[in-house]
Amino acid sequence: MTSSDLKVIYHKSDDIVAREIEGELIIIPIVAGIGNMENELYAMDEIGQEIWKRLDGTRSVGHIVDELCVLYDADRETIQKDVLGFLKEITSRNIITAGHGQ
Amino acid sequence: MANSSNTYSERRETLLISSGDVAEMIRCLMAKKSPIKIQAGGWSMDPFIRDQDVLTIAPLSRDMIKLGEIVAFKVQKKDKSFRLGMHRVVQVLDRENYLIKGDNTSPDPDGIVPRNQILGKVIKIERNNKTIRLGVSQGGGRARPLVKAQSSGTPDNFHEKIEIRFQAQKIPMISRPTIWTTILEHFKKNEFEKKRHPISFDFDITARCNNDCRHCYINVPPDSPEHIEKELSLSQIERIADEAVSMGTLWCLLSGGEPLLREDFDDIYVMLKRKGLLLSLYTNATLITPHRIQLLKRYPPRDIEITVYGVTKETFGKVTSRPENFNAFKRGLKLLLDNNIPVRLKAMIMRSNIHEFSEIAAFCRRYTKDFFRFDPHLHLRYDGNPERNRRILAERLTPQEIAALDHKDPSRSASLQKDCHIYIRDSSNNENDKRLFCCGLGRNSFSVGFDGMFRLCPSLCAPMCMYDLKNGSLAEAWTTFAPRIMSMTTSDPEIGLKCHRCEIINLCQWCPANAHLESGRLEYRPDYFCEVARARSEALKSRLVSDSE
């Protein structure tokens, strides 16, 4: 992990639809090639949803970590590791893409 | 004299409580329906759970255990003794079987643990008297796969099946986990079962078809100007889809007629996909072209269902009246299979193709991974066309032939025998005599016809039970109109006292919608339905007797 990781701004893919159904956030891939297997659905846990809400194309990773530190009772190092882990996971599934840093 | 009780006490060996005994104790405690706290020992779940953490274990609810949850379970060791485990569900195989693994154990999972060996689930972890949030402490923020492509299946209400009435839910003829079940289970939280939620809908985007099947309840000629005129436009379809999505609908079945006949099919399909709807497609495969394959590969459907009318040109032509389409059917199917597009083959069985049943079944099984579904129940026409209805009646099999088919198919026969207590039930436990509809009507799905008519079930075509979406909204149809239909009552003793109380109603095709197609009346009991149900029941009973001997 480097400090430059924290400057990255992620963008949501145009080829997924995020829908809230019965209080649950569900990621629905539209085209082939999203996810490890084609045509998978994903549901996000509570923390995932908090990160997802902040992926608005303007907040950097560092910015998101700052906000989660206010929200959760955990040390910054843990939260930063978790946020980066989550973003890595959904990037690998082409749900989001890394844009240019600030 | 020495104190005998003390002596006795001292001599007694300390009782060793094994891990398996603890598991049994937890099972007993869970039966009391309240959570317990237990201190963890070991590092197999580190860092999520650490040695000495205090875990709250809650009894399982009726819901499916979810991927990622940590469960307490009893597992047999190599030496045949049992131990208690508390590990994570890493794969939901089906409602009854879960693959379980410790976070910090070797790459190999513990194995497949059946639900009856799962004692409860971990709902809280405390460390140093502080509750640890699930998520953050575990590399949290996880996107977990909710549904995987491999478990491809169609919502069970999309299938012909024996419908179980007077029970909380419908079950498919062959009980198996489908994505539909998974999704339903996923959303079945707390009060969800009692709550109406429109999860899926059938959309017949045209009644036109390039085949002219003898048994078809809906088809009209492919170029019928009158019907083209009545069809919803792309923008009308989009408005309905927007409303459905805003109401939380997740799944849409595109059907017809032959949906691929619509010139704007590609636009409809992509538009619905881009709204975040999962799509299933019913097609006769004759209009599958390389261009359509590109579309389906780029925007994968959940699945495609194709009816096989015959495996020879002669039989195919006899059913469809279009023998010249046989090659197009084979070519279309091959294109789909060659391109790994998920396909399920099924059959309608009738007078014109019953001689080929075994060959059709074998063909369907060869190309369909999960199960082969066939249906000998032919509906009468939605439009009531008397000439076409005469043709359908002539295609219907006799009750004895239908009963024989139940047992000609090994999986259907096994399913009937396994659940015979449901199919031949105790008629005394029914309290719903007054209600007209005793199925799951209106709970989780609806149907939209090519002309924009909203219905609670595709077969429910009685004018008073339809709502015109061209002149109204889906929200109104679902929230205001539908409950009125659902609460309709019957005062006809033939229905309330006979059908609703009939012990073999779950083997019968009877329902108000089918009764209406037969007679124009919702409250009607066609003799043919009774005869078929009786024949099926007799065959099932004699099969059970012969198997027990």
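The values are calculated or read from the model by the stated rules, or taken from the named source; none is laboratory data. None of these values were measured; they are calculated from a predicted model. As a convention, Cβ positions derive from the backbone with ideal geometry for all residues, glycine included, and neighbour counts pool all protein chains shown. Areas reflect the complete protein model, heavy atoms only, side chains present, ligands, DNA and RNA absent. Shrake-Rupley method; radii C 1.70, N 1.55, O 1.52, S 1.80 Å.
Are any residues in the range B:282-294 touching a helix residue (DSSP H, G or I) at 6+ places or on another chain (Cβ under 8 Å) and surrounded by fewer than 23 Cβ atoms within 10 Å (Cβ to Cβ), and if so, which ones? Selection gives B:Y282, B:L287, B:T289, B:P290, B:R292, B:I293. From the list B:K334, B:K330, B:K318, B:K297, the one residue that fits, being open to solvent by 20 Å² or more (accessible area, probe 1.4 Å), part of a helix (DSSP H, G or I) and within 14 Å of chain A (Cβ to nearest Cβ), is B:K297.
Across the range B:261-294, the number of residues qualifying as closer than 24 Å to B:I199 by Cα, in contact with a strand residue (DSSP E or B) (Cβ under 8 Å, 6 or more places away or on another chain) and in a helix (DSSP H, G or I) comes to 5.
Counting residues that are crowded, with 16+ Cβ neighbours inside 10 Å, which strands (runs of 3 or more DSSP E) fully inside the range B:18-83 reach at least 3?
By residue number, B:54-58, B:70-76.
Based on this model, can you work out whether B:V545 counts as β-branched (V, I, T) and surrounded by fewer than 16 Cβ atoms within 10 Å (Cβ to Cβ)? The answer is yes for B:V545. B:R501 satisfies every condition listed in (1) surrounded by fewer than 19 Cβ atoms within 10 Å (Cβ to Cβ); (2) assigned to a helix (DSSP H, G or I) except (2).
One residue stands out in the range A:18-34 among those that are more than 17 Å from B:R302 (Cα to Cα) and more than 7 Å from every other protein chain (Cβ to nearest Cβ): the one that is most open to solvent (accessible area, probe 1.4 Å), namely A:E20.
Test B:L253 against the stated conditions and say whether it is away from chain A (no Cβ under 12 Å), buried (at least 21 other Cβ atoms within 10 Å of the Cβ) and outside any loop (DSSP other than H, G, I, E, B).
Details: away from chain A (no Cβ under 12 Å): yes; buried (at least 21 other Cβ atoms within 10 Å of the Cβ): yes; outside any loop (DSSP other than H, G, I, E, B): yes.
Against the criterion (away from chain A (no Cβ under 12 Å), buried (at least 21 other Cβ atoms within 10 Å of the Cβ) and outside any loop (DSSP other than H, G, I, E, B)), B:L253 qualifies.
Of all residues in the range B:395-409, exactly one satisfies the criterion of being under 15 Å from B:S358 (Cα atoms) and not in a helix (DSSP H, G or I), namely B:D409.
The listed residues are A:L71, A:L87, A:L41, and the only one of them that is within 11 Å of chain B (Cβ to nearest Cβ), open to solvent by 40 Å² or more (accessible area, probe 1.4 Å) and touching a residue at least 12 places away in the same chain (Cβ under 8 Å) turns out to be A:L71. Please determine whether any residue of the range B:218-233 is surrounded by fewer than 22 Cβ atoms within 10 Å (Cβ to Cβ) and within 14 Å of chain A (Cβ to nearest Cβ). No, that holds for no residue. Residues of the range B:337-380 that are surrounded by fewer than 21 Cβ atoms within 10 Å (Cβ to Cβ), in a helix (DSSP H, G or I) and not small (G, A, S): B:L337, B:D338, B:I354, B:H355, B:F357, B:E359, B:F363, B:R365, B:R366, B:Y367. Candidates in the range B:234-250 are the residues that are hydrophobic (A, V, I, L, M, F, W, C) and open to solvent by less than 20 Å² (accessible area, probe 1.4 Å); of these, the one that is nearest to A:I26 (Cα to Cα) is B:L250.
Counting the residues of the range B:66-83 that are within 27 Å of the chain's Cα centre (by Cα) and modelled with pLDDT under 80 gives 3.
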